[in-house]
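The values are calculated or read from the model by the stated rules, or taken from the named source; none is laboratory data. Small disclaimer: the values here were computed from a predicted structure and weren't measured. Positions of Cβ are generated from backbone atoms using ideal geometry, with glycine treated the same way; all protein chains shown enter the neighbour counts. Quick note on the areas: whole protein, heavy atoms, side chains included, nothing else; ligands and nucleic acids left out. Shrake-Rupley method; radii C 1.70, N 1.55, O 1.52, S 1.80 Å.
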Amino acid sequence: MIFVFSLFLLSLLIIIAIAIVQAKNLFVSVMLLSIFSLLMATNFFILDAADVALTEAAVGAGITTVIFLSALALTAQRERKVVGGRTIALIAVGVLASLIIYATFEKPRLGDPNAPVHQHVAPWYLEKTPEYIDIPNIVTAVLSSYRGYDTLGEVFVVFTACIGVLFILGAKPASLRGERNVERAGLRHHLIPQVVGRLLVPFIVLFGLYVQFHGEYGPGGGFQAGAIIATGVILYALLEGEAAALRAIPRSVLLGLVVGGALLFGGVGVVCMFMGGAFLDYSVLQSDPVWGQQLGIVIIEAGVGMAVCGALLSIFHAFAAREIAQ
Amino acid sequence: MIDLAVDALSWVLLALGGICVLIGGVGALRFPTFYTRTHAASLTDTMATLLVFSGLMLQAGFTLATLKLLAIMLFLLLTGPTATYALANAALESGLKPEAPTIPGRTRKKADS
Amino acid sequence: MYIAVSLAILVTMVLAIVRALRGPSVYDRVLAVNVFGTKTVLLLSVIAFLYGRPDFLDLALAYALINMVGILAVLEFFQNRTRNREEASRD
Amino acid sequence: MKLLELLGYYNYWVFAIALVIGLYAVISKTNLIKKLIGLSIFQSAVFLMYITMDKVEGGTAPIIKAGVEDQIYSNPLPQVLILTAIVVGVSTLALGLAIVVRVNERYGTIEESEILESD
Amino acid sequence: MDLISHLPALQVIVPMLSAPIIVLLHPRGLAWAGATLAALVSFAISIALAVAVLGGETQTYAMGGWPAPFGIALSVGGLSALVLLVVTGAAAIALLAARPSIDQQIELERQPMFYSAWLLGLAGLAGIVVSADAFNIFVFMEISSLASYVLIAGGPDRRALLAVFKYLIMGTIGATFYLIGVGLIYMMTGTLNLADMESRIGDVAQTRPVLVAAGFITIGLALKAAVFPLHVWLPNAYTQAPHMITVFLAACATKVSIYVLIRFDYMVFQPTMAEHDNQFALFLMPLALLGILVASAVAMFEGNIKRLLGTSSVAQIGYIMLGASFISLAGVEASVMHIFNHALAKGGLFLAVACIAYRFRDLRIQELGGVAKTMPFTCAALVLCGLSLIGIPGTAGFISKWLLITASLESGPFGWIFVAVILVSSLMAVVYIWRIVESLYFGGSANRDTVIAEAPLQLLVVTWIAALANLYFGFFPEVPLALADNAAGVLMGYGK
């Protein structure tokens, strides 16, 4: 039954995707993109990927929309009509689609328990995690220990994007159209959103912390928590104006969070090296290897959360600051 | 006996919630102007949230899940109307006039499609 | 019963998507996004029960909290645009 | 049964179609932001392919339930990979939008055709 | 575990963990010093790794202490050691010389972020090279790509932004294609570890998903490696990047993608998929030949000196692909040697260009008339590296071209066609290098009002180190040859 839902949602996904591409108004495209992301997350959830769905929710519904809107506010809102060049694109794309669909018919079908992916590496994770790491959420175990090096790479991808955006938007605008010095007021004179939003901000941050520290037991972890907390602070910035949010958490603190988080993660790895293990081998952190693993996971998840939260907020502020400067 | 009653009550609540959701959806699609559509969507949303989540809570019994359901319900009850208010306000500020068209769908202003 | 409710929600999602595609104004589309967001929260909660794993309600909770941020960002976007337009017409 | 088996591939078809819709937008649109929107659809489609792999019939999310024996769990590995890939996607998007904002400042437009004309 | 066994991990960790620290180093010059130090340390590590590999065994490392298919493994063999030498060497050389040029092109307050991105680029490239895990390669590919977008966006001209946007789109499509390919293989084999993939893919080698996966991975990586005709992003990106970044990226960025492509094709596909070697050769050889001819011809007519050299890079990538497509010991050895030698020649050339660019803003060739009178040392170095690029005996470039010609002759009855193509394109290289030289030495000096002097000592010394390296490795090519020999043996040995 549930797969019928999935079929249904997937068909909607295609319709929305076509509509996104067709829409001439970029704002409409962004709005539809957020529906696309919601649909995608629901599908992930139906396909048993609770952690991924939470991530898509935290990123797609909040952060992506906000960043897109800030970019739109700085550029144009409508797309111009274009002529020509479509046929070649359509042909190329059609060939690609038929190639992939050609490949599907020898793939294992959805949910097939005999598919090779369910035979090789994954059963080992499911079987050995209780013995080696002993936390219920296998996704967190794989993410932060077995494939912890990937996650370190992921943190550094976010870090690169953060300093990249700061670097690119840190350049002085070519033509300052007379500094108006108007502080963005936020939604201060909208009473209802103001009151409700203020009420909500602490809950969002609290929920973020819950996701952070509950990641070993339920869906969640550092990245989701970082994104959720960042969304909470962005809400505050929307309500009180960007300057107020910067007064609460200045840029230097954000940069400190990013750098600190990245170094915390890497530092744990280096400490493991000094204590005689391989890089990121948390077992050596404690006399009992299982405790060592759990300790390591808690610390690195904290690092991931700090880095992601700081990076997303820095990116948001970089865009918002540009808006004032214009 | 009590169990059965609770179960039945929860099913009734869920069914009512489902109907409410549907009505809201139809309203949001069929009503003639933006403000009337807002009206349909927002009111039924609130009601449906209440009904569905009460039904689910009865199913869950006294567990952590109930607490979470309660939290979700409260948040939805708070944010739903706020979001609708914000939206209607934005529309009004940017010049979309609320008016009652004589012929549905004809005279409404195309603000910015 | 869960299935019936989820079907009702799915149908409403389709209606919302039709509204989002038809417009006609951008506000209608934002309204549709908002409706869609609420329905997603409902659907996720119901599916969590359908799957028998109510501990996954975290996801619905996350949506319920985050959904409004997008809508408020839109409000702010419009507010700034209106203000800029007014200033431009004054200049 | 035959029909059901075909339906088992439906996710992969959706992956293929969403992928090419995104790619089409990237190739054929000249608006830079629209290109980025296409890029993010393109990447999301790949996430769908990976997540489709992880599902096992009768399985549940790989978070071990205390005290339940014989529970089948879905595959955790593709989920981990996609968690990482989602982050990568957002990072690329943010960087791309930052570049677009700068392009708009320096050229006064975000239409590729007009930019090429002005150089 | 002792220090030696940690080297593969340290190769990545040292530059990566230095990057966050560099961001905080705001006082003037400190960020540069820190970044240079980190790059030199990683260069030293790669030398140590090369020595260890030459001494015998492939170096492997289990990240997190988890055994291979479950955790992420690193491995450094002959090929990786050589590419690591190129990557870290290019970064170290470019950073050593960078300060005067970067001070000119990047505002002081943005420099810490710039140097940090540079180190991240280095860490990403090194991470790709040492990794033995297909998905891990993707993650580090993205680190290096994002970092290089940032670096190129630092270019002063507004066209840099458009070039970098195109590069971002192309790079992301390439990386996503790679990700799709890896996903399809994972779907059929259940593993991400390259060695494990090799042993398990045999059973499913003829299924459609694996065939399609081979296509996706080849095209995705070819896009990132700027193999003709997927090279359109490259000349613009190299032209518009800050001068020192061009030195770094031209010497190593595309080569790392070629390295992954060669590794995937030789290690995972060829031993297991019947006829794959023929398909690989038939697909890549015409592209390589066309790339060599077309790009060399286009380079002859380019006006901007950086653009000319960037276009020439596309032709050089063609040489590397040509060697690889012979699927013979000699061919692979020639290809690997050319990765090394081209990095030397092109790195040296772009360093010399950076010296010139320090004094002259306009880099169109006709505007550079008579520069040699005021900058004799720079121009001499440029000529030396140019000779190496052409492949004059006595320079490093000659060694790999000679190997390539020998390999072509061995490749079969049509070997003489390849030899002819190589000779013709070398003649074209003579033409485009001569155009530069002619303008520098014999062109009429345009009316310049500023006093022109030789480039700063820091830049000049490093440029000469690179130029002399071209000579040194022309006469004493034993070390890279030994590594290339090792690499070719390992690559051709899979599945035997």
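Look at C:Tyr27 and say whether it is within 21 Å of B:Gly18 (Cβ to Cβ) and either open to solvent by 10 Å² or more (accessible area, probe 1.4 Å) or hydroxyl-bearing (Ser, Thr, Tyr) (or both).
Values: within 21 Å of B:Gly18 (Cβ to Cβ): no; either open to solvent by 10 Å² or more (accessible area, probe 1.4 Å) or hydroxyl-bearing (Ser, Thr, Tyr) (or both): yes.
Judged against the criteria, C:Tyr27 is not a match.
Show the residue pairs that are 6+ apart or on different chains and have beta-carbon atoms under 9 Å apart, the first residue being within region E:62-73 and over 15 Å from E:Val130 (Cα atoms) and touching a residue at least 24 places away in the same chain (Cβ under 8 Å), the second being assigned to a loop (DSSP other than H, G, I, E, B) and not small (Gly, Ala, Ser).
Once the first residue is over 15 Å from E:Val130 (Cα atoms) and touching a residue at least 24 places away in the same chain (Cβ under 8 Å) and sits in region E:62-73, its partners that are assigned to a loop (DSSP other than H, G, I, E, B) and not small (Gly, Ala, Ser) give E:Pro69/A:His120; E:Pro69/E:Thr191; E:Pro69/E:Leu192.
Can you tell me which of (1) within 11 Å of chain A (Cβ to nearest Cβ); (2) in contact (Cβ under 8 Å) with a residue 40 or more places away in the chain; (3) out of contact with any Lys or Arg (no Cβ under 9 Å at 6 or more places or on another chain); (4) under 25 Å from E:Leu349 (Cα atoms) is the one E:Tyr149 doesn't meet?
(2)
Residues that are out of contact with any Phe, Trp or Tyr (no Cβ under 9 Å at 6 or more places or on another chain): which helices (runs of 4 or more DSSP H) entirely in region E:336-446 hold 2 or more of them?
Values: elements: E:371-374, E:376-390, E:396-410, E:415-437.
Per the criteria, E:376-390, E:396-410, E:415-437.
Tell me yes or no: at least one residue of region A:96-108 is facing chain D (nearest Cβ under 8 Å), part of a helix (DSSP H, G or I), in contact with a Pro (Cβ under 6 Å, 6 or more places away or on another chain) and modelled with pLDDT of 85 or more.
No, region A:96-108 contains no residue that is facing chain D (nearest Cβ under 8 Å), part of a helix (DSSP H, G or I), in contact with a Pro (Cβ under 6 Å, 6 or more places away or on another chain) and modelled with pLDDT of 85 or more.
Do any residues in region A:92-108 that are of a type in the set (Ser, Thr, Tyr) have Cβ atoms under 6 Å from those of residues that are in a helix (DSSP H, G or I), where the two are at least six apart or on different chains, and which pairs are they?
Filtered contacts from region A:92-108: A:Thr104/D:Tyr12.
Scanning for something free of Cβ contacts under 8 Å to residues at least 60 places away in the same chain, hydroxyl-bearing (Ser, Thr, Tyr) and more than 7 Å from every other protein chain (Cβ to nearest Cβ), does region C:77-90 turn up at least one residue? It would help to see each step written out before you state the result.
The first filter runs over region C:77-90 and keeps only residues free of Cβ contacts under 8 Å to residues at least 60 places away in the same chain, leaving C:77-90.
Those still in the list that are hydroxyl-bearing (Ser, Thr, Tyr) too: C:82, C:89.
Remaining after also requiring more than 7 Å from every other protein chain (Cβ to nearest Cβ): C:89.
Yes, region C:77-90 contains at least one residue that is free of Cβ contacts under 8 Å to residues at least 60 places away in the same chain, hydroxyl-bearing (Ser, Thr, Tyr) and more than 7 Å from every other protein chain (Cβ to nearest Cβ).
Of all the residues that make up region E:455-496, how many are farther than 22 Å from E:Ile93 by Cβ and in contact with an Asp or Glu (Cβ under 8 Å, 6 or more places away or on another chain)?
Within region E:455-496, residues that are farther than 22 Å from E:Ile93 by Cβ and in contact with an Asp or Glu (Cβ under 8 Å, 6 or more places away or on another chain) number 5.
I'd like the full set of residues that are farther than 14 Å from A:Gly305 by Cα, crowded, with 24+ Cβ neighbours inside 10 Å and within 7 Å of chain D (Cβ to nearest Cβ), limited to region A:126-156.
Matches in region A:126-156: A:Asn137, A:Ile138, A:Val139, A:Val142, A:Arg147, A:Asp150.
When the residues of region A:3-48 are filtered to those that are out of contact with any Leu (no Cβ under 9 Å at 6 or more places or on another chain) and not in a helix (DSSP H, G or I), which remaining residue is most open to solvent (accessible area, probe 1.4 Å)?
Taking the candidates together, the pick is A:Lys24.
Evaluate the following for E:Thr191: is it among the β-branched types (Val, Ile, Thr), facing chain A (nearest Cβ under 10 Å) and touching a helix residue (DSSP H, G or I) at 6+ places or on another chain (Cβ under 8 Å)?
Numbers: among the β-branched types (Val, Ile, Thr): yes; facing chain A (nearest Cβ under 10 Å): yes; touching a helix residue (DSSP H, G or I) at 6+ places or on another chain (Cβ under 8 Å): yes.
Yes.
Okay, residues lined up against (1) open to solvent by 10 Å² or more (accessible area, probe 1.4 Å); (2) over 17 Å from A:Ile2 (Cα atoms); (3) modelled with pLDDT of 85 or more:
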position	(1), (2), (3)
C:Leu43	no, no, yes
C:Leu59	no, yes, yes
C:Leu65	no, yes, yes
C:Leu75	no, yes, no
C:Glu87	yes, yes, no
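Which one of A:Gly164, A:Gly148, A:Gly153 is at pLDDT 85 or above and out of contact with any Leu (no Cβ under 9 Å at 6 or more places or on another chain)?
Numbers: A:Gly164 fails: out of contact with any Leu (no Cβ under 9 Å at 6 or more places or on another chain); A:Gly148 fails: out of contact with any Leu (no Cβ under 9 Å at 6 or more places or on another chain).
Of A:Gly164, A:Gly148, A:Gly153, the one residue that is at pLDDT 85 or above and out of contact with any Leu (no Cβ under 9 Å at 6 or more places or on another chain) is A:Gly153.
Please tell me if C:Val35 is crowded, with 23+ Cβ neighbours inside 10 Å, at the interface with chain B (Cβ under 7 Å from one of its Cβ atoms) and in a helix (DSSP H, G or I). First the steps, then the outcome.
Working: crowded, with 23+ Cβ neighbours inside 10 Å: yes; at the interface with chain B (Cβ under 7 Å from one of its Cβ atoms): yes; in a helix (DSSP H, G or I): yes.
The answer is yes for C:Val35.
Here is a list of conditions, (1) surrounded by fewer than 19 Cβ atoms within 10 Å (Cβ to Cβ); (2) part of a loop (DSSP other than H, G, I, E, B), and A:Pro123 meets all of them except one; can you say which number that is?
Here A:Pro123 meets the rest and fails (2).
Look at region C:63-85 and say how many of its residues are farther than 20 Å from A:Phe68 by Cβ and small (Gly, Ala, Ser).
Qualifying residue count, region C:63-85: 1.
Does E:Ser257 satisfy the condition of being modelled with pLDDT of 90 or more and more than 28 Å from E:Ala92 (Cα to Cα)? Lay out the reasoning, then the answer.
On the way: modelled with pLDDT of 90 or more: yes; more than 28 Å from E:Ala92 (Cα to Cα): no.
In short, no.
Sort out which residues of region A:284-318 are closer than 16 Å to A:Thr160 by Cβ and of a type in the set (S, T, N, Q), and write them in order of number.
A:Ser314
What are the residues in region E:220-230 that are under 21 Å from E:Pro271 (Cβ atoms) and open to solvent by 10 Å² or more (accessible area, probe 1.4 Å), if any?
Selection gives nothing.
Filter region E:1-33 for residues that are among the hydrophobic types (A, V, I, L, M, F, W, C), assigned to a helix (DSSP H, G or I) and touching a Gly at 6+ places or on another chain (Cβ under 8 Å) and give the result.
First pass over region E:1-33, keeping only residues among the hydrophobic types (A, V, I, L, M, F, W, C): E:1, E:3-4, E:7, E:9-10, E:12-14, E:16-17, E:19, E:21-25, E:30-33.
From what is left, the residues that are assigned to a helix (DSSP H, G or I) are E:3-4, E:7, E:9-10, E:12-14, E:16-17, E:19, E:21-23, E:30-33.
Of everything in region E:1-33, those that are among the hydrophobic types (A, V, I, L, M, F, W, C), assigned to a helix (DSSP H, G or I) and touching a Gly at 6+ places or on another chain (Cβ under 8 Å) turn out to be E:Val12, E:Ile13, E:Met16, E:Leu17, E:Ile21, E:Ile22.
One line per residue, one yes/no per condition, for (1) closer than 17 Å to C:Ile47 by Cα; (2) open to solvent by 20 Å² or more (accessible area, probe 1.4 Å); (3) in a helix (DSSP H, G or I):
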site	(1), (2), (3)
B:Ser54	yes, yes, yes
B:Met57	yes, yes, yes
B:Leu67	no, yes, yes
B:Thr79	no, no, yes
B:Leu87	no, no, yes
B:Ala90	no, no, yes
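Could we say that A:Ile91 is assigned to a helix (DSSP H, G or I) and more than 27 Å from C:Ile17 (Cα to Cα) here?
Details: assigned to a helix (DSSP H, G or I): yes; more than 27 Å from C:Ile17 (Cα to Cα): yes.
The answer is yes for A:Ile91.
Has region E:94-117 got any residue that is under 29 Å from A:Gly277 (Cα atoms), acidic (Asp, Glu) and at the interface with another protein chain (Cβ under 9 Å from one of its Cβ atoms)? Please lay out each step first, then the result.
Restricting attention to region E:94-117, the residues satisfying the condition of being under 29 Å from A:Gly277 (Cα atoms) are E:116.
So of that shortlist, the ones also acidic (Asp, Glu) come out as none.
Checking region E:94-117: not a single residue is under 29 Å from A:Gly277 (Cα atoms), acidic (Asp, Glu) and at the interface with another protein chain (Cβ under 9 Å from one of its Cβ atoms).
In region E:46-93, what count of residues is obtained for those that are surrounded by fewer than 23 Cβ atoms within 10 Å (Cβ to Cβ), among the β-branched types (Val, Ile, Thr) and within 14 Å of chain A (Cβ to nearest Cβ)?
1
Taking region E:118-143 as the region of interest, how many residues are under 19 Å from the mean Cα position of the chain (by Cα) and within 9 Å of another protein chain (Cβ to nearest Cβ)?
11
Does region A:271-301 hold any residues that are open to solvent by 10 Å² or more (accessible area, probe 1.4 Å), farther than 15 Å from A:Val142 by Cα and touching a Gly at 6+ places or on another chain (Cβ under 7 Å), and which are they?
A:Val284, A:Leu285, A:Gln286 - these are the residues of region A:271-301 that are open to solvent by 10 Å² or more (accessible area, probe 1.4 Å), farther than 15 Å from A:Val142 by Cα and touching a Gly at 6+ places or on another chain (Cβ under 7 Å).
Which numbered condition trips up D:Leu4, out of (1) more than 7 Å from chain A (Cβ to nearest Cβ); (2) modelled with pLDDT of 90 or more?
(2)
Taking the condition surrounded by fewer than 18 Cβ atoms within 10 Å (Cβ to Cβ) and either modelled with pLDDT under 85 or over 30 Å from E:Gly331 (Cα atoms) (or both), does E:Gly394 pass?
On the way: surrounded by fewer than 18 Cβ atoms within 10 Å (Cβ to Cβ): yes; either modelled with pLDDT under 85 or over 30 Å from E:Gly331 (Cα atoms) (or both): no.
For E:Gly394, the condition - surrounded by fewer than 18 Cβ atoms within 10 Å (Cβ to Cβ) and either modelled with pLDDT under 85 or over 30 Å from E:Gly331 (Cα atoms) (or both) - is not met.
Quick check: anything in region B:32-45 of a type in the set (A, V, I, L, M, F, W, C), more than 16 Å from C:Tyr27 (Cα to Cα) and surrounded by 20 or more Cβ atoms within 10 Å (Cβ to Cβ)? Full working, then the answer.
Restricting attention to region B:32-45, the residues satisfying the condition of being of a type in the set (A, V, I, L, M, F, W, C) are B:34, B:40-41, B:43.
Of the ones still in play, those that are also more than 16 Å from C:Tyr27 (Cα to Cα) are B:43.
From what's left, surrounded by 20 or more Cβ atoms within 10 Å (Cβ to Cβ): none.
No, the conditions are met nowhere in region B:32-45.
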